[in-house]
Amino acid sequence: MSHLHETTIDNLHVKLFKTRQELGQNAGEMAAAKIRELLQSQEVVNIIFAAAPSQNEFLDALAQQPEIDWQRVNAFHMDEYIGLSEDAPQRFGNFLKGRFFDKVPLRSVFYINGNVSDPKAECLRYEALLNEYPTDIVCMGIGENCHIAFNDPHIAFFNDPVLVKKVDLDLTSRHQQVHDGCFASLELVPEYALTLTIPALVKAPTVFCMVPAAHKAEAIYHTLVDEITETYPSTILRKHPNATLFIDQDSASQWMKEASFASK
């Protein structure tokens, strides 16, 4: 499967595809190859997954990849709402369980619990797990306001001292959940969540970032063009030594207007 264009911006490897289906398939194949490579030299691989419709094609493709010993893979997710019912389909743990975790025989799945009485204790519990099982791969997306996980610009810190924290979600993030069809109205979207911080994500040796669709075009533009700053949290990916950004023609549309190439 050929991509339309490939480039590197600062350290960030960028791969452009015609459709989100091609994007997801290629990302799934690349992630699978990395998992197989790591399993040749280590007993267990630890992976953090994002939960969002933008990840659907990638997760579907990854679940279908052959010759992966999933029983040697531990899975984490990167954020969770506070206050949704345990069976709510919008809970990120439930989303990933249905889309991926139940489709492959993983060694362990470590869920963030957004309904505990003591969120601080839950953050410390999950941080301890991340330290016990150091992350090998992060599979992520980018939000409409350039957030990664739920590190919205107003609480995004490149040098955050913790790995997991409670955050309040900005209006752009909450509106995105409505745009994505996850909630019927803004009033139904929780205002708080637990999230892995930026250092928890970028400390992974390998990052795969899948960002299709037209409503992410502005975020991709800022990610690739603007100064690396917490105002646009996803710009930190341009400093990562081994991160790959997968985009389609829709999400790349604003950036392509300034880039020195034309799509085929």
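The values are calculated or read from the model by the stated rules, or taken from the named source; none is laboratory data. None of the values given here were measured: they were computed from a predicted structure. Note that each Cβ is placed from the backbone with ideal geometry, even for glycine, and that neighbours are counted across all protein chains shown. The protein model used for the area step is the full one, side chains on, heavy atoms only, and it has no ligands, DNA or RNA in it. Shrake-Rupley method; radii C 1.70, N 1.55, O 1.52, S 1.80 Å.
Sorted from greatest to least, the principal axis extents spanned by the alpha carbons of the chain come out as 53, 44, 34 Å. The distance from the alpha carbon centre of the stretch 111-157 to that of the stretch 1-33 is 25 Å, rounded to a whole number.
Its alpha carbons give the stretch 1-113 an Rg and a Dmax of 15.2, 43 Å.
The share of Cα pairs per 10 Å bin across the stretch 87-162, counted from zero up to the longest distance, runs 14, 40, 41, 5 percent.
Share of antiparallel DSSP beta bridges in the stretch 18-208, in percent to the nearest 5?
In the stretch 18-208, DSSP labels about 40 percent of beta bridges as antiparallel.
In this calculation the C-beta distance from LYS18 to LYS239 is compared with R0 = 30 Å, giving a FRET efficiency of 0.55. Counting only protein heavy atoms and a 1.4 Å probe, the chain has 42 square angstrom of accessible area per residue. Only lysine pairs 8 or more places apart, or on different chains, with alpha-carbon atoms under 23 angstrom apart are counted in the chain, and they number 25.
Electrostatic tally near GLU80: other residues with Cβ closer than 11 Å to its Cβ, Lys and Arg +1, Asp and Glu -1, net 0.
Inter-label distance, THR231 to GLU67: 4.8 nm, where each label sits 7 Å from its Cα along the C-beta direction. Nonpolar atom fraction for the chain, defined as the carbon and sulfur part of the 1.4 Å probe accessible area, stands at 48 percent. Here the Kirkwood formula puts the hydrodynamic radius of the stretch 113-264 at 16.3 Å, using every distinct Cα pair. Taking each residue as 0.36 nm, the span from ASP87 to ALA184 lengthens on full extension beyond its C-alpha to C-alpha distance by 33.2 nm. The charge dipole of the stretch 18-208, taken about the Cα centre with unit charges on the Cβ atoms of Lys, Arg (+1) and Asp, Glu (-1), comes to about 260 debye, rounded to the nearest 20.
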